[in-house]
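> Input: one structure, supplied below.
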Amino acid sequence: MGEIIEFIVVLFIFCFLLMLIWALIKWLFTTITGWLVISLITGIILTIVGINKEIKKCKAKKVKKDLEQEYAEHNSAIDVIPTTKAYSDYDAYISDTNNLHLGDRFCAQLNMAASENKTKSHNPEIITSNIHKLRRSLSDYVVVDTETTGLSVHSDFVIQLSALKYKEDKLVGQYNQLINPDIDSLDHKITELTGITIEDLKGKPKSGDVKDDFLAFVGDLPWVGYNINQFDIPILMSNGLGVTNFYTEDAYLLAKRRMPSDIPNRKLSTLKLYFGINAVSHNALEDCRTTAIVYQHLRDNDIAPAQNNFLVGKNFATVGKIADKKYISYFIELYGGEVKKSISHKVNYLIKGEVDHLTKTEERARAYGIPIISYSQVMEWIEKGKVIS
C-alpha cells in the first residue's frame with residue numbers, strides 16, 4: 001500500500017512539473033515579456049560562447065608569445081632529440097601544448113625548421129644520441145659549455161669547449177680548449193660576443209682531436225649545463241663527439257620552474273646579474289662557472305636575489321628608444337634604485353636611448369644639472385655592482 005501511495009505522489013509531482021513547464025513555455029512564446037526573457041537568455045548564452053572563444057584565442061596568443069620569447073632568449077636553431085615530440089604545424093602544437101615538458105615547448109615549434117637542415121649536419125649521430133633528463137639533485141657532476149661559430153647545431157662549429165668538474169659541490173678540475181674549425185674566417189659578431197678571433201684558433205686542435213681528452217675528463221659523471229639539452233649536446237654531436245647516451249640536468253629547465261615570474265627573461269646572463277655573480281659572459285669557461293653557481297641556487301631552491309643595494313637613493317628617468325627598458329628598469333629596482341616616469345629635481349640620472357633630436361626632457365635635465373648617461377653605462381654599473389664615474 002505504501003508503494004502505491006509513493007508512486008501516486010511521484011506521479012502527481014511529475015504531472016505538476018510538466019504542467020508548470022508547459023505554462024512557462026506558453027508564457028514565454030505568447031507574451032512580450034516572455035520574448036524579452038528568451039532574447040535575454042539567448043544573449044547571455046552567445047556572450048558566454050564569445051567570451052570562451054576569446055579566452056582560447058588569448059591563451060593561444062600567450063603560448064605563441066612564450067615560444068617566441070623562449071626562442072629569442074636562446075637564439076638557437078633547435079634539433080629534434082628523441083625525447084621531443086615533433087609537430088607538422090603550429091595548430092597541432094597548440095592543441096597538445098600542455099602535454100609537453102617545459103624544456104621541450106619551444107623545441108617542438110622549431111622542429112619543422114630542423115628537418116630542412118638535417119642534410120647540413122656534420123655528423124648524423126646528432127639524430128641518434130639519447131638524452132636522459134635527470135630528476136634528482138646532483139652534488140657530483142661536470143658543468144659543460146661551448147662557444148660556436150653560429151647558432152645552427154647542424155652547420156656551425158664548436159670553437160671553445162669548457163668543463164668544470166665538481167665533487168660534493170667542490171671544484172676539483174677544469175677543462176678548457178679552443179678548437180680549430182678549419183674555416184677561413186669568423187663572423188665579426190661572434191668575435192665581438194666571445195672575444196675569440198680566427199687568429200686565436202689557428203694551430204689549435206680540431207674537434208676530433210680533443211674528443212678523447214674531453215671524454216676522459218668528463219668520465220661517467222652527469223652533465224649540467226644551461227640549455228645543454230637543446231644546444232650544446234646537439235652541436236657537440238654534430239661536431240663528432242660520438243657519445244650514445246647523455247645523463248643531464250639542464251639548469252634552464254630548473255630556471256623555468258623556479259625563478260620568479262617577474263624576472264625579464266631566463267637568460268644565463270640575466271640570472272648572473274640576479275644572483276650577483278661576477279663573471280664574464282660568452283666565454284665557455286666563465287659561463288661554466290656562472291652555470292655552476294646558478295645551478296646550485298636553483299637546485300637548493302635558493303632563489304633570493306643578490307643583496308647589493310648600491311643604487312639606493314638613486315632615481316633614474318629615460319628618454320628616447322631603449323629596446324631593453326623593462327630589463328634595465330628591473331635591475332635598477334632590484335639593486336635599490338627607482339625609475340621615474342618624468343624628469344624632475346628628484347632625478348639623479350637621465351638614461352638616453354636612441355633619439356635623433358634634442359628633446360625637452362633632455363633640455364630640462366641639462367637645466368637641472370642632471371648627468372645624462374647611456375644604456376651601456378648603466379649596464380656596466382649593474383654588472384660591476386657599483387656606480388662607475
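The values are calculated or read from the model by the stated rules, or taken from the named source; none is laboratory data. In this text, all values refer to a predicted model and were calculated from it rather than measured experimentally. FYI the Cβ positions are ideal-geometry reconstructions off the backbone, even for glycines, and counts take in every protein chain you see. Ligands, DNA and RNA are excluded from the accessible area calculation, which covers all protein heavy atoms including side chains. Shrake-Rupley method; radii C 1.70, N 1.55, O 1.52, S 1.80 Å.
> Dipole of region 268-389, Cα-centred, from +1 at each Lys and Arg C-beta and -1 at each Asp and Glu C-beta, to the nearest 20 debye?
Its charge dipole is roughly 440 debye.
> In whole Hz and in residue order, list the ³J(HN,Hα) couplings for region 230-245 that follow from phi through the Karplus curve 6.51 cos²θ - 1.76 cosθ + 1.60, θ = phi - 60°; x for Gly and Pro.
Coupling constants for region 230-245: 8, 10, 4, 5, x, 6, 5, 5, 5, 8, x, 5, x, 9, 7, 10 Hz.
> Principal axis extents for region 140-265, Cα atoms only, whole Å, descending order, please.
Projected onto the principal axes, the Cα atoms of region 140-265 cover 43, 36, 26 Å.
> Shifting gears a bit: Report the one residue of PHE316, PHE275, VAL294 whose Cα lies farthest in the direction of the positive end of the charge dipole of region 256-389 (charges on C-beta: Lys and Arg +1, Asp and Glu -1; origin at the Cα centre).
Sorting the options by dipole projection puts first PHE316.
> Can you pull the one-decimal nm distance between simple spin-label points at VAL172 and LYS386, each 7 Å off the Cα toward Cβ?
3.7 nm
> Magnitude of the Cβ-charge dipole of region 223-319, K/R +1 and D/E -1, about the Cα centre, nearest 20 debye?
240 debye
> Using the structure shown, list the pairs from LYS165/LYS211; LYS133/LYS170; LYS272/LYS326; LYS321/LYS352; LYS272/LYS325 with a Cα-Cα distance above 20 Å, or answer none.
LYS133/LYS170
> May I pose another question? Mind checking which lysines have their C-alpha under 24 Å from LYS56, skipping anything on the same chain fewer than 8 residues away?
In chain and number order, the partners are LYS64, LYS65, LYS85, LYS256.
> For region 142-240, give the magnitude of the charge dipole about the Cα centre (Cβ charges: +1 Lys/Arg, -1 Asp/Glu; no others), in debye to the nearest 20.
It comes to approximately 180 debye.
> Where a ≥ b ≥ c are the square roots of the eigenvalues of the C-alpha gyration tensor, would you call region 255-389 rounded, which needs a/c under 1.5, or, failing that, prolate if a/b is larger than b/c, or oblate?
prolate
> Something else: Quick one: how many Å² of TRP35 are accessible to a 1.4 Å probe, rounded to 10?
Surface open to solvent at TRP35 totals about 130 Å².
> Ok, one more. Could you run the Karplus curve 6.51 cos²θ - 1.76 cosθ + 1.60 with θ = phi - 60° over region 162-179 and give me ³J(HN,Hα) per residue in whole Hz, x for Gly and Pro?
9, 8, 10, 9, 10, 10, 6, 6, 9, 5, 10, x, 9, 10, 8, 8, 6, 10
> Sticking with this structure for a sec: Compute, for GLU286, the solvent-accessible surface of its heavy atoms (probe 1.4 Å) with the complete set of protein chains present, and express it in square angstrom to the nearest 10.
It works out to around 40 Å².
> Using 1/(1 + (r/R0)^6) with R0 = 35 angstrom and r between the beta carbons of ALA323 and ILE51, what's the FRET efficiency to the nearest 0.05?
Efficiency, rounded to the nearest 0.05: 0.50.
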